[in-house]
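Here is the structure we will look at.
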Amino acid sequence: MTYAEIQQRLLQHLRERVHNGHHTERGFARQVGISQPHIHKVLKGSRTLSLENSDWILQQLRLSLLDFLTGAELEAELDRRRAARQDFLEVAFAEGQIGPGKQWNPALLSHRSQLIPRSLAVPSRRLVAARLERDDDMDYSWNGWNSAVVELADRANPWRTGDLYVVEREREAVIRRVRPGLRLVYLAADRQLSSPLEWQSLERERLVVVGRVIWIGRGDAVE
């Protein structure tokens, strides 16, 4: 359903109100505060209603766009949306955020979730969504991405080459690639991948891996 189709239905509704004697052109023009000559031309089809005038008329007549959809059209749209949502899964947001200076808090928000493809939701995974704050060392900042979905770490080895992880360091949670060494663990940001000497090194016991990032992008959060 397009705006042009809705507008045509609105015009037909107005013509029927005048034709059935519910309004005269003069009375209708006075009610909505638009000049009678303009209303006359609109009803005859020689002029079009602007978006602003259409909205104003709807307000004055106490109508909404839904009044111009049939029951069958509304049901078909609901069916389409239900089918589309079956391909996605809602993942709850954590209270904590990810980014420089942000601390991780795994407590879940009851009023906000992130939609991700259902194919990512393996039953054994424990998933949580989180807001991303700008990190100048990571590419996601430059792409405008603001949300991530994280598979929370388990006892399995969390360090897989090429993957991104949420790690806690120095009282902040950031996204980094993790490179294990013999005694130390190295954290690499996107900007530093080609410069190993710039990687941050930590003793293993000082590194806390929150989980592996399985999705990152612009979040269309469900409130």
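The values are calculated or read from the model by the stated rules, or taken from the named source; none is laboratory data. Note that this is a predicted model, so its numbers are computed, not measured. All Cβ positions, even for glycine, are placed from backbone atoms using ideal geometry, and neighbour counts span all protein chains on display.
Tell me, yes or no, whether segment 32-40 has at least one residue that is more than 20 Å from Gly71 (Cα to Cα), assigned by TED's automatic domain parsing to the domain that holds Ala72, exposed (fewer than 13 other Cβ atoms within 10 Å of the Cβ) and touching a helix residue (DSSP H, G or I) at 6+ places or on another chain (Cβ under 7 Å).
Checked against the condition, which is being more than 20 Å from Gly71 (Cα to Cα), assigned by TED's automatic domain parsing to the domain that holds Ala72, exposed (fewer than 13 other Cβ atoms within 10 Å of the Cβ) and touching a helix residue (DSSP H, G or I) at 6+ places or on another chain (Cβ under 7 Å), segment 32-40 yields at least one hit.
Do you know which residues across segment 104-119 are touching a residue at least 12 places away in the same chain (Cβ under 8 Å), of a type outside the set (Ser, Thr, Tyr) and more than 14 Å from Gly217 (Cα to Cα)?
Within segment 104-119, Trp104, Pro106, Ala107, Leu108, Leu109, His111, Arg112, Arg118 qualify.
Determine, yes or no, whether Leu69 is over 31 Å from the mean Cα position of the chain (by Cα), surrounded by 14 or more Cβ atoms within 10 Å (Cβ to Cβ) and not small (Gly, Ala, Ser).
So Leu69 does not fit the description; no.
Look through segment 111-150, keep the residues that are part of a loop (DSSP other than H, G, I, E, B) and of a type in the set (Gly, Ala, Ser), and return whichever of them is modelled with the lowest pLDDT.
Per the criteria, the residue is Ser124.
For segment 18-56, name all the residues that are within 14 Å of Tyr3 (Cβ to Cβ) and hydrophobic (A, V, I, L, M, F, W, C).
Within segment 18-56, Leu49, Leu51 meet the criteria.
Return only the number of the condition from (1) β-branched (Val, Ile, Thr); (2) within 30 Å of Leu10 (Cβ to Cβ); (3) at pLDDT 85 or above that Ile98 does not satisfy.
Just one mismatch for Ile98, condition (2).
Please determine, by comparing only the residues of segment 127-151 that are without any contact (Cβ under 8 Å) to a residue 60 or more places away in the chain and within 17 Å of Val210 (Cα to Cα), which one is surrounded by the fewest Cβ atoms within 10 Å (Cβ to Cβ).
This residue is Glu133.
Is there any pair linking a residue in segment 201-222 that is assigned by TED's automatic domain parsing to the domain that holds Ala153 and at pLDDT 80 or above to one that is of a type in the set (Phe, Trp, Tyr) and not in a loop (DSSP other than H, G, I, E, B), with Cβ under 6 Å and at least six apart or on different chains, and which?
Ser201/Tyr186; Val209/Tyr165; Arg212/Tyr165; Ile216/Tyr140
Can you say whether Gly101 is touching a residue at least 12 places away in the same chain (Cβ under 8 Å), assigned to a loop (DSSP other than H, G, I, E, B) and within 16 Å of the chain's Cα centre (by Cα), as far as the supplied structure shows?
no
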